[in-house]
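Have a look at the structure below before the remarks.
The values are calculated or read from the model by the stated rules, or taken from the named source; none is laboratory data. Computed from a prediction, not measured in an experiment: that's the story for all the values here. As a convention, Cβ positions derive from the backbone with ideal geometry for all residues, glycine included, and neighbour counts pool all protein chains shown.
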């Protein structure tokens with residue numbers, strides 16, 4: 001069914017969908033994937049029922065046009081680069097370099113931290129930021145301990161520096177590639193590999209000075225992981241199942257506390273099919289009760305040591321009591337047959353964080369069968385510095401969740417090799433250099449070098465590099481598919497479809513004209529400054545990729561509407577595109593603005609406002625710096 005309507009209907013519909021998507025992304029009531037699918041579905045149905053014919057009568061918003069974004073070469077290149085980055089991680093290619101930083105010890109601690117930050121900044125210009133930050137987090141924790149610095153003062157700077165480095169080259173961030181691709185779709189020449197490296201390095205240098213030398217002085221000094229071992233006020237959700245022979249049966253609440261559980265904050269009691277909420281005065285614990293508690297790591301550790309049956313079922317206790325027989329042979333007495341020594345394997349508590357690529361995301365602990373799969377018991381869970389109020393086994397895991405686990409020492413150490421977790425620990429261990437490391441490094445350098453030299457295009461280089469990683473065994477198909485971020489795929493595809501209707505209906509041009517109509521926006525420099533701060537603010541409530549796609553058509557319309565200053569040696573459309581790139585990468589003021597911010601939120605014990613307090617001055621600083629760059633470097 002096709003119904004022809006006034007073309008302005010398409011413009012208003014495009015703007016309505018844009019606002020609805022923005023609100024949904026901000027509120028986070030539904031996932032990014034669901035919002036992206038809803039946007040795409042609405043556009044497809046609207047484009048089918050209300051076509052927007054061009055001069056030749058062809059529908060500009062048919063399914064072919066709206067779905068073409070999923071075959072966008074830059075999107076494919078971004079996904080292939082993620083696979084290449086995973087190949088580098090899988091072969092421990094970067095460990096060779098990062099091990100040098102962790103070996104410096106206390107003597108060169110501060111220099112090692114500085115060198116690590118520079119390393120992350122440089123490497124993030126050529127590979128995905130997320131695996132870099134995942135690798136660097138434990139190293140920064142160790143170095144911070146050496147120099148007596150709380151890691152809460154240094155982990156946000158780590159995330160910010162990775163973002164700053166990513167804005168210097170075309171492949172440094174998926175945002176950069178998407179802006180270039182959107183320009184090409186609009187009929188403009190794409191950006192060169194190193195086209196904006198000079199202004200990018202200028203901005204990164206300004207940001208680096210603030211982030212490394214000033215920001216740690218203003219960040220909160222919260223307990224580091226080392227201090228967590230001695231005493232932490234961070235609370236985890238846990239549960240106690242009251243067995244028939246439990247010592248807790250009959251214990252009555254006195255002045256808000258149960259005598260058998262003095263240091264635990266009971267949030268609710270599940271009795272049969274009913275929930276009992278505080279206050280608990282007059283209630284006594286009965287057999288079969290399930291107590292949902294919030295407690296610190298110290299309190300849970302003491303409870304586990306004194307009364308393991310309170311926290312562990314019989315099956316869980318068997319996991320915790322797993323024994324290992326160690327065989328020790330005295331090398332100096334080879335005449336003897338040797339000696340065997342039996343010892344119960346050390347049981348430890350540790351905190352692990354769920355990574356963005358984890359296969360456990362959206363799975364509950366019961367569904368994931370966490371205990372049998374990994375051989376450890378989950379004692380508690382913390383999410384974004386907030387306590388979750390529900391049964392432990394039914395909590396669906398999210399990226400950035402911190403789990404308090406208990407298990408044999410070797411089992412916890414083995415979890416370090418899993419891509420599903422980051423083991424948050426101040427300890428360090430030697431990692432083997434796998435035989436595929438030279439191959440992975442060679443493939444990565446070759447692909448990036450050929451693309452940078454212009455011998456082959458970036459999508460071709462990225463796909464060939466990803467295929468090479470798989471063909472040579474640097475990673476397998478399962479690991480490669482796990483490296484592909486479905487959020488990026490769905491978000492970019494749907495936002496490109498939204499860009500189609502905004503451009504075809506004239507909505508982007510209308511927004512550009514509205515900006516030009518502002519009384520103080522009368523020069524190219526003032527237009528650029530308004531565009532920069534507008535995109536920089538939006539990228540902290542949306543995603544950087546969404547902002548890149550939404551604002552590139554607007555920027556191109558602005559570039560085509562201004563009077564080009566005489567003697568300008570740069571393409572004005574490229575200047576506006578670079579402005580969108582830099583501004584969209586200013587995802588500093590919220591943890592949802594960029595994935596690396598979410599990664600450091602758990603181990604740094606940050607709150608949402610910490611990012612706003614640290615990031616807003618950085619956004620404003622880069623805005624002012626870019627105005628000077630636009631005036632004196634670009635000549636506007």
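Screening the candidates 435, 454, 426 for the property of being modelled with pLDDT under 75, part of a loop (DSSP other than H, G, I, E, B) and surrounded by 14 or more Cβ atoms within 10 Å (Cβ to Cβ) yields one hit, 426. Tell me, please, whether a residue that is farther than 29 Å from residue 457 by Cα, out of contact with any helix residue (DSSP H, G or I) (no Cβ under 8 Å at 6 or more places or on another chain) and either at pLDDT 85 or above or part of a loop (DSSP other than H, G, I, E, B) (or both) can be found in the stretch 57-65. Looking through the stretch 57-65, at least one residue is farther than 29 Å from residue 457 by Cα, out of contact with any helix residue (DSSP H, G or I) (no Cβ under 8 Å at 6 or more places or on another chain) and either at pLDDT 85 or above or part of a loop (DSSP other than H, G, I, E, B) (or both). The residues in the stretch 457-472 that are over 14 Å from residue 93 (Cβ atoms) and surrounded by fewer than 22 Cβ atoms within 10 Å (Cβ to Cβ) can be counted, and the count is 8. The residue that is surrounded by the fewest Cβ atoms within 10 Å (Cβ to Cβ), counting only those in the stretch 272-289 that are in contact with a strand residue (DSSP E or B) (Cβ under 6 Å, 6 or more places away or on another chain) and modelled with pLDDT of 80 or more, is 284. Can you name every residue in the stretch 438-451 that is touching a helix residue (DSSP H, G or I) at 6+ places or on another chain (Cβ under 8 Å) and either outside any helix (DSSP H, G or I) or free of Cβ contacts under 8 Å to residues at least 60 places away in the same chain (or both)? 446, 450 - these are the residues of the stretch 438-451 that are touching a helix residue (DSSP H, G or I) at 6+ places or on another chain (Cβ under 8 Å) and either outside any helix (DSSP H, G or I) or free of Cβ contacts under 8 Å to residues at least 60 places away in the same chain (or both). Residues in the stretch 93-112: is at least one in contact with a helix residue (DSSP H, G or I) (Cβ under 7 Å, 6 or more places away or on another chain), at pLDDT 80 or above and more than 22 Å from residue 478 (Cα to Cα)? For the stretch 93-112, residues in contact with a helix residue (DSSP H, G or I) (Cβ under 7 Å, 6 or more places away or on another chain), at pLDDT 80 or above and more than 22 Å from residue 478 (Cα to Cα): present.
Free of Cβ contacts under 8 Å to residues at least 40 places away in the same chain and either surrounded by 16 or more Cβ atoms within 10 Å (Cβ to Cβ) or farther than 29 Å from residue 58 by Cα (or both): is that true of residue 482 in this structure? Steps first, please.
Values: free of Cβ contacts under 8 Å to residues at least 40 places away in the same chain: no; either surrounded by 16 or more Cβ atoms within 10 Å (Cβ to Cβ) or farther than 29 Å from residue 58 by Cα (or both): yes.
Considered against the rule, which asks whether it is free of Cβ contacts under 8 Å to residues at least 40 places away in the same chain and either surrounded by 16 or more Cβ atoms within 10 Å (Cβ to Cβ) or farther than 29 Å from residue 58 by Cα (or both), residue 482 comes out as no.
Every residue in the stretch 462-484 that is at pLDDT below 85 and either touching a helix residue (DSSP H, G or I) at 6+ places or on another chain (Cβ under 6 Å) or not in a loop (DSSP other than H, G, I, E, B) (or both), please.
462, 474, 475, 477, 478, 479, 480, 481, 482, 483, 484
Considering the stretch 530-576, the residues that are in a loop (DSSP other than H, G, I, E, B) and buried (at least 22 other Cβ atoms within 10 Å of the Cβ) include one that is nearest to the chain's Cα centre (by Cα), namely 543. Answer yes if at least one residue in the stretch 73-81 is over 30 Å from residue 461 (Cα atoms) and at pLDDT 75 or above, and no otherwise. No: zero hits.
Working only within the stretch 240-255, note down all residues that are touching a strand residue (DSSP E or B) at 6+ places or on another chain (Cβ under 9 Å) and either part of a loop (DSSP other than H, G, I, E, B) or closer than 16 Å to residue 288 by Cβ (or both). Passing the criteria: 240, 241, 242, 246, 248, 249, 250, 251, 253. One residue stands out in the stretch 514-529 among those that are part of a helix (DSSP H, G or I) and touching a helix residue (DSSP H, G or I) at 6+ places or on another chain (Cβ under 8 Å): the one that is surrounded by the most Cβ atoms within 10 Å (Cβ to Cβ), namely 528. Of 163, 139, 154, all but one fail to be in contact with a helix residue (DSSP H, G or I) (Cβ under 6 Å, 6 or more places away or on another chain) and within 22 Å of residue 615 (Cβ to Cβ); the exception is 154.
The residues of the stretch 55-66 include none that are touching a residue at least 40 places away in the same chain (Cβ under 8 Å) and surrounded by fewer than 17 Cβ atoms within 10 Å (Cβ to Cβ).
Residues that are modelled with pLDDT under 80 and within 18 Å of residue 630 (Cα to Cα) are absent from the stretch 542-560 altogether. When the stretch 252-261 is filtered for residues that are out of contact with any helix residue (DSSP H, G or I) (no Cβ under 9 Å at 6 or more places or on another chain), at pLDDT below 80 and on the phi < 0 side of the Ramachandran plot, the ones remaining, listed by number, are 254, 257, 258, 259. Of everything in the stretch 135-167 that's outside any helix (DSSP H, G or I) and farther than 18 Å from residue 552 by Cα, which residue is modelled with the highest pLDDT? This residue is 154.
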